[in-house]
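Have a look at the structure below before the remarks.
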Amino acid sequence: MSEERKVLSLEELQQVYLELLHEFDRICRASHLRYDLCGGSMLGAVRHEGFIPWDNDIDVSMPRPDYQKLLKLAYQKKLDLPEGRQIIMYQDGTFPRHFARYIRHDVLRVPEMEDETDNPCIGIDIFTVDGYPSDDRAMKLHCFAIRQLRRFLLTSVERKGTSRKGKLAAAVKDLYRPLLKAIGPYRLAYALDRLCRKVDYRTSEYVGIANGMYGTKERWKKADMLPQRLFRFGDGEFPGYVNYDIYLTNLYGDYMQLPPEEKRVAHCSEGYWADPEHHA
């Protein structure tokens, strides 16, 4: 990284994300849309009243109806977004993924990703809360299908000879990667999104973040998911699940216990100002 593109410190990057969260909160409130902190961000709010100290991103979730309305408003340019901000999605050809992202164009990620199609801008991932099957066997099959299709999508956007699981996995993926690239990540994102919303959120007894990475751990009763309250997160308060203990225990087990020091590392990209002179 050259001198003029100095990598932001962890604290600076967290502040960048926190500014985005404040903006996203205002956008959702103005349009009467529900969202919740989720994943590590929900854990951070409960355990640290902010970021997990070594974390450097923010994730939110939205019930499918609110998510669809958000994307429609964004597509129609009816959201009052700050200058240099954008909601990217597969539906308008800006982001070949099965979830959306609220990005800022003035902070770019360090180009270290294997993925050649990912957007270079820092942003908040927006996941959907969808319906889940009530039957355990049907639930496992549903999550298995989502996991496999998600794997195909991620493989389709990786460069040849790459895999997060090592050289052998990369060699195996290279056998079928050309077919997935021919299908294209946007078609795969569409298929995965369609599969995630196969069980109607509005009539389902069980729900979860189907397009996330935790699969069956995500499922809980919609009646338990619906209640919200505000949680302290950094310099603000943001909505999350009243019944966070159910959610976080499902995902992390004893979530108040800190992981070993060797595992206290950020899993997301670092960032730098797109215009270093402006932010010098």
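Amide hydrogen proximity for Ala100: with H placed 1.01 Å from N in the peptide plane, the residues at 5 or more positions away or on another chain lying under 5 Å are Ile126. Computed over the stretch 179-280, relative contact order equals 14 percent, with contacts defined as Cα pairs under 8 Å that lie 6+ residues apart. Just so you know, the Rg over Rh for the stretch 1-42 is 1.16, from Cα atoms, with Rh as the Kirkwood radius. In a Gaussian network model over the chain where Cα atoms closer than 10 Å are linked, find which of Tyr252, Tyr190, Tyr176 has the largest mean-square fluctuation. Ranking Tyr252, Tyr190, Tyr176 by mean-square fluctuation puts Tyr176 first.
Segment Asp245..Lys72, full-extension length gain: 59.0 nm, with 0.36 nm per residue of separation and the alpha-carbon distance subtracted. Mind checking which of Leu149, Leu175, Leu21 has the largest fluctuation in a GNM of the chain, springs on alpha carbons under 10 Å? Taking springs between Cα atoms under 10 Å, the residue moving most is Leu175. DSSP bridge analysis restricted to the chain gives an antiparallel fraction near 85%, rounded to the nearest 5. Per the Cα gyration tensor, the stretch 166-280 maps to an equivalent ellipsoid with semi-axes of 30, 27, 19 Å, ordered largest to smallest.
The calculated FRET efficiency for the pair Tyr214 and Ala30, based on their C-beta separation and a Förster distance of 22 Å, comes to about 0.10.
Using 10 Å bins from zero, what percent of all Cα-Cα pairs in the chain falls into each bin? In order of increasing distance, the bins hold 6, 27, 36, 26, 5, 0 percent. The Cα atoms of the stretch 177-217 cover 40, 19, 10 Å along the three principal axes, with the biggest extent listed first. Note on the stretch 118-169 and the stretch 1-48: Cα centroid distance 23 Å, given to the nearest whole angstrom. Counting only protein heavy atoms and a 1.4 Å probe, the chain has 51 square angstrom of accessible area per residue. When we measure straight from the Cα of Lys217, which lysines land under 17 angstrom away, once same-chain ones fewer than 8 places off are left out? Qualifying lysines at Cα under 17 Å: Lys140.
The values are calculated or read from the model by the stated rules, or taken from the named source; none is laboratory data. Worth saying up front: this structure is predicted, and the values here are computed from it rather than measured. Don't worry about glycine lacking a Cβ; one is built from the backbone with ideal geometry, like all the others, and counts go over all protein chains shown. Surface accessibility is based on the protein's heavy atoms, side chains included, excluding ligands, DNA and RNA. Shrake-Rupley method; radii C 1.70, N 1.55, O 1.52, S 1.80 Å.
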